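Chemist: Structure below; questions to follow.
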Amino acid sequence: VQLQASGGGLVQAGGSLRLSCAASGSINSLNYMGWYRQAPGKQREFVALMSNMGSTIYADSVRGRFTVSRDNAIDTIYLQMHSLKVEDTAVYYCNAAQSGRISWGQGTQVTVSS
């Protein structure tokens, strides 16, 4: 599956953004879809995921501020981000798992200014 992430941008601390990740095929066939991020000089880290059953998992650093959701009709998942912090600045990537194979999108930059 091919993934296309979008929605990044520049926002002030305390603000909100919504990221989108569109899949090239039906997301119903995927085991899960998720979000990771990579800040400058740091390793890529897990942010959130949603299974094909709709269950969600969040990193401790974003729980309560970020929400992952999906729209099966347009094969897209979202990452709604509220109360953004400077430390949320990173390139955000979506990924998907299908039959043991992991696919990654190209990443979208989120910059949070103080």
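The values are calculated or read from the model by the stated rules, or taken from the named source; none is laboratory data. Because the structure is a prediction, the values reported are computed rather than measured. Cβ atoms come from the backbone with ideal geometry, glycine included; neighbour counts cover every protein chain shown. These accessible areas exclude ligands, DNA and RNA; they are computed on the full protein's heavy atoms, side chains included. Shrake-Rupley method; radii C 1.70, N 1.55, O 1.52, S 1.80 Å.
Chemist: Are there any pairs, at least 6 apart or on different chains, whose C-beta atoms fall under 8 Å, with the first in the range 103-114 and more than 8 Å from GLY9 (Cα to Cα) and hydrophobic (A, V, I, L, M, F, W, C) and the second assigned to a loop (DSSP other than H, G, I, E, B) and open to solvent by 50 Å² or more (accessible area, probe 1.4 Å), and if so, which?
Modeler: VAL112/ALA13; VAL112/LYS85
Chemist: Same structure again: Just need a number here: residues in the range 75-90 that are without any contact (Cβ under 8 Å) to a residue 60 or more places away in the chain and of a type outside the set (Asp, Glu).
Modeler: Within the range 75-90, residues that are without any contact (Cβ under 8 Å) to a residue 60 or more places away in the chain and of a type outside the set (Asp, Glu) number 4.
Chemist: Right, another one. Just name the residue that is nearest to the chain's Cα centre (by Cα) out of those in the range 20-62 that are outside any loop (DSSP other than H, G, I, E, B) and of a type in the set (Val, Ile, Thr).
Modeler: Only one residue tops the list, namely VAL47.
Chemist: Looking only at residues that are among the polar types (S, T, N, Q) and closer than 13 Å to PHE46 by Cα in the range 60-111, which one is least open to solvent (accessible area, probe 1.4 Å)?
Modeler: Here the answer is ASN95.
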